[in-house]
Amino acid sequence: MRALRINISYFSGGLIAALVLLMFIIWCVSLIVIVDRQNQQNAESFQRNWHAQVLQLQQNQKLWLRSQFYLINSMVKSPEDAGKFQSFLGNYYQRNPEIWAVSLINFSEQGRAVSRAQKPGCMQPKQVRRSDLTKFQIPKVTSCRVGEKVLLEVAGKVGTGKKASLLLISMDYFSFISRFSGLSYRNLQRISSDESGIQYEEFKPVGGNSQRVAIPMGDEFATYGQLHLYLPLHSFWELFSLQVLLVLAVLLSAAMLVFMLLHYQILKPLYHLVEQMRLTATSNQEIGDSEVEPLEPGLKVMQRYLDVLRKLARRDPVTGLSSRVIFEDRLSQAIRESKRDARKYALVLVDIHGLDEIAQLRGQFIADALLKKVAESMREGLRETDNIARFERNLFALLLGTLERGQLNTLIEKIYLSVTRRYQVHGREFNLSAGVGVSIYPDHAIDLESLYQKASEALVESEKSDWPIVFSLDADETTDTSGFSLIQGLRRAIDQHQLKLVYQPVVDLHGHETVYLEALLRWKDPKKHEVSIERTIKLAEQNNLIKPLTNWIFESACNFVKECGVYDIAVGINLSMIDLHDRQLPDRIEACLQKYSIRPAQIVIEITEGQIMQDPDEVIEVLAHLGVMGLSLAIDDFGTGQASLTYLKELPVEKLKIDQSFVKDIVSSDDDRLIVKATIELAHTLDLKVVAEGVETLEVYELLRDMNCDYVQGYYVSRPLETEKVTEWLEKIVKPTLVRKGR
């Protein structure tokens, strides 16, 4: 045990020392890179700056040469005699040693150029004609190389008429070098003259590290030489000597800190663990100490611990299902087997909705209990050959073996219904919804990654779609609606127009005008359907399929309002409790209104008071959003639930509809009459309009009018109307005389 402690300590110390050495080497390399980069940048900046200085001096030199032209030009125009001009030139050469030559090119009667210049310049007499003088009205500065000499020359016209001449002034091109040397405090010397030009070099400084930088000298015509200057360089060893002590101090301090943390956070617990393992191994050892290395039993215990951890990694700790690692291994194995025997497999991803909200409201303990219930429910519907795993959070994966497409659809629908049922956990009931994405090997993909991708895309599509189960489809495929019973049965009814809406008028008791039309869902041909429309709606609510049905009702109602063409017509639509928990409902309604250009006031949302009381906070939030949008709100079947007046005050409610169970017997029942009258008075106190449902007789109609009820609805006024008969109804006014005859 002591040997183990020493070895681990040595190993840790050596590892930290190696890391310190590595960091030190990295620092040295980085310092070299930094120095090289800095020297390179300095050289580039140095060259740019001095090159700019050279260009400036050259420009000044050209300006000076032009000024000399105008000075000499004044002497040529009106010289007193040739002797004085020659004397002026002699003195001029002495004062300006950089001037190479001053020459005057005259022209004979025949127009030939004649010059007595003793030194050759850039421009030779044979190159000039009298007609060329017009080009030199403004003096021109040129440069050229004559032998070992580089000249800067200005040429310009002097005089007029036939006495006009061409004045040439040449100077040493590199005269600015002395000016440059004085400004830069650098000693320069001419070192060579070759085809590349004349080379000037700075005297190299004695000692120190420096770099020679070449600066070109020339103009737009040519480059006539180079100026070589020396730039002092940063030294690696100088920077190294300045920083090495600080760097070593930082590295050693960091090493000591890491070693201390390693010792107290890892090594000491490891020593304790190894000691406990040794004691456990010694107590269970079946052979003598002399036959086994002292540390071997401890390693065996650690191996057993690793086996336990490996088993834990293969199972989800909450549900007890397989983990993702095991599931993917089985899926890979299934794909390999399928390549041999051409079997098909379906990858099903199930995303459980609502668990995160439950965890936030009720706690993670309740959410975990629900997860266990969901896992058990799904596992009960599977065969022994099928596999199920929990991937993460609320995502489950299933691997289903070979099945006919119809059988596969039935099994997947069974899995979906097993998830979306009502659960009871610790005395509370919960409803869950889910999205299902399915991909089939090898129809949709031929490898594991692509199969996952296709199933994931289908799962995302199920989140966007009204339908909870989505199969991955190829580009040339269409949606397969065969094989499902409830889900696709409802989908087929919507897609194949087996449903319709009828409209029952709600009439003003005093003005006898239609206030709005309540939309009621019906089968187009009830004889073809064994399940009634009421039972169908209930099944849709129980299995979280109400969303597509509600969308269809809104689409149909808005289309009816648009095609009806009556400006102030309004339609009442009943919402399910599932709709009122959908926070996307206002956005869906708003999109539908915009699609058909319907005003929000033309839609009346009807809900029962029992729906409000199931989850008042969330329902009120959704209904308040609808009220802000401008939709009218009516409480349906009022009196049958337990709605709080506080909630009614918080909602943008405009109407209360008294349930027909109270209305139909108000003539014969004193209790019902008192309830209806009290409800009307209560509603008016809250500034609400009252609709009495189930009005089937003249006596009930007249008694409600005496009670000051606002609106009535029922068979006595009108049965539900087919779409094509609504316009005819709206064209008539409901008069009291017609009502008395029992229309």
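Since Leu395 meets every condition but one in (1) modelled with pLDDT under 85; (2) surrounded by fewer than 20 Cβ atoms within 10 Å (Cβ to Cβ); (3) of a type outside the set (Asp, Glu), which condition does it not meet?
(1)
Which of the residues that make up segment 379-394 are over 15 Å from Arg315 (Cα atoms) and either outside the structural domain of Gly354 (by TED's automatic domain parsing) or under 35 Å from the mean Cα position of the chain (by Cα) (or both)?
Asn394
Condition check: more than 25 Å from Gln53 (Cα to Cα) and exposed (fewer than 15 other Cβ atoms within 10 Å of the Cβ). Does Ile105 satisfy that?
Against the criterion (more than 25 Å from Gln53 (Cα to Cα) and exposed (fewer than 15 other Cβ atoms within 10 Å of the Cβ)), Ile105 does not qualify.
Might you check whether a residue that is farther than 30 Å from Ser439 by Cβ and either at pLDDT 90 or above or not charged (D, E, K, R) (or both) occurs anywhere in segment 488-497?
Taking every residue of segment 488-497 in turn, at least one turns out to be farther than 30 Å from Ser439 by Cβ and either at pLDDT 90 or above or not charged (D, E, K, R) (or both).
State which residue is nearest to His353 (Cα to Cα) when the search covers only segment 392-416 and only residues that are among the basic types (Lys, Arg) and part of a helix (DSSP H, G or I).
Only one residue fits best here, namely Lys414.
Which residues, counting only those in segment 104-119, are modelled with pLDDT of 80 or more and in a loop (DSSP other than H, G, I, E, B)?
none
Results for (1) at pLDDT below 90; (2) closer than 30 Å to Trp27 by Cβ; (3) in a strand (DSSP E or B); (4) over 55 Å from the mean Cα position of the chain (by Cα), shown as yes or no for each residue.
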site	(1), (2), (3), (4)
Lys157	yes, no, yes, yes
Ser178	yes, no, no, yes
Pro216	no, no, yes, no
Phe221	yes, no, no, yes
Gln243	yes, yes, no, no
Val247	yes, yes, no, no
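Kindly check whether there is at least one residue in segment 319-331 that is in contact with a strand residue (DSSP E or B) (Cβ under 8 Å, 6 or more places away or on another chain) and under 12 Å from Leu371 (Cβ atoms).
Yes, that holds for at least one residue.
For segment 688-717, give me each residue that is touching a Lys or Arg at 6+ places or on another chain (Cβ under 7 Å) and not aliphatic (A, V, I, L, M).
Matches in segment 688-717: Lys689, Glu693, Gly694, Glu696, Asp710, Tyr711.
Would it be correct to say that Ile605 is outside the structural domain of Phe430 (by TED's automatic domain parsing), in a strand (DSSP E or B) and either within 37 Å of the chain's Cα centre (by Cα) or within 20 Å of Glu654 (Cα to Cα) (or both)?
yes
Scan segment 224-233 and give yes if some residue there is among the aromatic types (Phe, Trp, Tyr) and modelled with pLDDT under 85, otherwise no.
The answer is no, given that none of the residues of segment 224-233 is among the aromatic types (Phe, Trp, Tyr) and modelled with pLDDT under 85.
Rundown of residues vs (1) free of Cβ contacts under 8 Å to residues at least 60 places away in the same chain; (2) under 19 Å from Leu593 (Cα atoms); (3) among the polar types (S, T, N, Q), yes/no style:
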position	(1), (2), (3)
Lys500	no, no, no
Ile533	yes, no, no
Thr536	yes, no, yes
Ile546	yes, no, no
Ile553	yes, yes, no
Asn559	yes, yes, yes
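Residue by residue through segment 129-141, note down the ones that are out of contact with any helix residue (DSSP H, G or I) (no Cβ under 9 Å at 6 or more places or on another chain), under 14 Å from Leu167 (Cβ atoms) and outside any helix (DSSP H, G or I).
Those that are out of contact with any helix residue (DSSP H, G or I) (no Cβ under 9 Å at 6 or more places or on another chain), under 14 Å from Leu167 (Cβ atoms) and outside any helix (DSSP H, G or I): Gln137, Ile138, Lys140.
Filter segment 108-121 for residues that are among the hydrophobic types (A, V, I, L, M, F, W, C) and surrounded by fewer than 18 Cβ atoms within 10 Å (Cβ to Cβ); which is nearest to Ile177 (Cα to Cα)?
Looking at residues that are among the hydrophobic types (A, V, I, L, M, F, W, C) and surrounded by fewer than 18 Cβ atoms within 10 Å (Cβ to Cβ), I get Ala117.
Quick check, is Asp568 over 33 Å from the mean Cα position of the chain (by Cα), assigned by TED's automatic domain parsing to the domain that holds Trp729, modelled with pLDDT under 85 and within 28 Å of Tyr711 (Cα to Cα)?
Spelling it out, Asp568 is indeed over 33 Å from the mean Cα position of the chain (by Cα), assigned by TED's automatic domain parsing to the domain that holds Trp729, modelled with pLDDT under 85 and within 28 Å of Tyr711 (Cα to Cα).
Under the condition of being of a type in the set (A, V, I, L, M, F, W, C) and out of contact with any helix residue (DSSP H, G or I) (no Cβ under 7 Å at 6 or more places or on another chain), which residue from segment 326-370 is surrounded by the most Cβ atoms within 10 Å (Cβ to Cβ)?
Phe327
Residues checked against (1) part of a helix (DSSP H, G or I); (2) of a type in the set (Val, Ile, Thr); (3) modelled with pLDDT under 75:
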site: Glu461; (1), (2), (3): yes, no, no
site: Asp466; (1), (2), (3): no, no, yes
site: Leu473; (1), (2), (3): no, no, yes
site: Asp480; (1), (2), (3): no, no, yes
site: Phe484; (1), (2), (3): no, no, yes
site: Pro505; (1), (2), (3): no, no, no
site: His510; (1), (2), (3): no, no, no
site: Tyr516; (1), (2), (3): no, no, no
site: Glu541; (1), (2), (3): yes, no, yes
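Can you tell me which condition Glu693 does not meet? The list is (1) exposed (fewer than 15 other Cβ atoms within 10 Å of the Cβ); (2) modelled with pLDDT of 90 or more, and all the others hold.
Exception for Glu693: condition (1).
Restricting to segment 664-687, what's the tally of residues that are within 60 Å of the chain's Cα centre (by Cα) and in a helix (DSSP H, G or I)?
So the answer is 11.
Which residues, taken from segment 86-103, are within 14 Å of Leu71 (Cβ to Cβ) and either not in a loop (DSSP other than H, G, I, E, B) or not assigned by TED's automatic domain parsing to the domain that holds Tyr70 (or both)?
Residues satisfying the conditions are Phe88, Leu89, Asn91, Tyr92, Tyr93, Arg95, Ile99, Val102.
Determine, yes or no, whether Leu331 is in a loop (DSSP other than H, G, I, E, B), assigned by TED's automatic domain parsing to the domain that holds Gly437 and in contact (Cβ under 8 Å) with a residue 24 or more places away in the chain.
no
So, Ser165, is that one modelled with pLDDT under 85 and either surrounded by 17 or more Cβ atoms within 10 Å (Cβ to Cβ) or aliphatic (A, V, I, L, M) (or both) or not?
The answer is yes for Ser165.
Okay, residues lined up against (1) under 25 Å from Asn42 (Cβ atoms); (2) among the acidic types (Asp, Glu); (3) free of Cβ contacts under 8 Å to residues at least 24 places away in the same chain:
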| position | (1), (2), (3) |
| --- | --- |
| Ala101 | no, no, no |
| Gly111 | no, no, yes |
| Gly161 | no, no, yes |
| Met171 | no, no, no |
| Gly197 | no, no, no |
| Phe203 | yes, no, yes |
| Val213 | yes, no, no |
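The values are calculated or read from the model by the stated rules, or taken from the named source; none is laboratory data. No experiment lies behind these values; they were computed from the predicted model shown. Please note: Cβ atoms are built from the backbone with ideal geometry, for glycine as well, and neighbour counts cover all protein chains shown.
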